[in-house]
Amino acid sequence: MPIIAKVYFSHPEMALADVITSGPDVTIRVLQEVSTDPVGGSSFFAVETDQPELLERTLAADHPVKRADRVSQYQEWPAHRLEFNPEALLLGSVVTEQDGFALDAQQHDGGWIERWQLPDRQALQAVWQYAEEHSFTFDIMKVSQVSNTGDVGMFGLTDKQRTTLVAAYDNGYFTEPSETTLSEIAADLDISTNAASGRLKRGMKNIIESSFPEIDQR
């Protein structure tokens, strides 16, 4: 059965290790297709830093990086398209080989926190084995089952959670004061109030966990 695994990993020779350790206030975000195989193509990153010149020098000296091109901006931060050398230590390619893909990824505490969707626990075991053999620091933070591979989208939201959140937003449920009630949202969606409440809570929980990977999940 498909699973979603939230993991933390780091390695001194992994991709962008030098950028991550270049300063305490550097934050790296993966942009666009986080599921793109980083070996087979380009990956897009935004780096939040107050020292853009140092960033450019660090990218140029980062030996796993084959090519770095400034392409645009993400909010006010520079965005780059990166190509990595074949010998770069990348867990993303291993996830792809196991028929998995990344749902989201963000730099954290000297490494990366990522959420992967994988076909089963054996696939996660294979990624863990690769990380172990290559001396990664690797921590499996959370594993949950997915009943339907097509049922989970961005931020780990199911279609039902997304529909309920959009309906609540469009009808002013989150305004102050609220312009609608939970009962009215439930009636519009033809579900019970308890079901609407559960979808909203689980949906918001998924969004928070995806947006702030450093939080302690329960």
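No lab work stands behind these numbers, since they all come straight from the coordinates. Keep in mind it's a predicted model, so treat the numbers as computed, not measured. Cβ placement follows ideal geometry from the backbone for every residue including glycine, while neighbour counts extend to all protein chains displayed.
Miscellaneous remarks
- Percent of alpha-carbon pairs separated by more than 22 Å within the range 84-186: 47 percent
- Listed by chain and number, the lysines whose alpha-carbon sits under 19 Å from that of Lys160, ignoring those within fewer than 8 places in the same chain, are Lys201, Lys205.
- Cα gyration tensor category, rounded, prolate or oblate, for the range 60-110 with a/c compared to 1.5: oblate
- Inter-label distance, nm, simple model (7 Å from Cα along the C-beta direction), Gln145/Ile208: 2.6 nm
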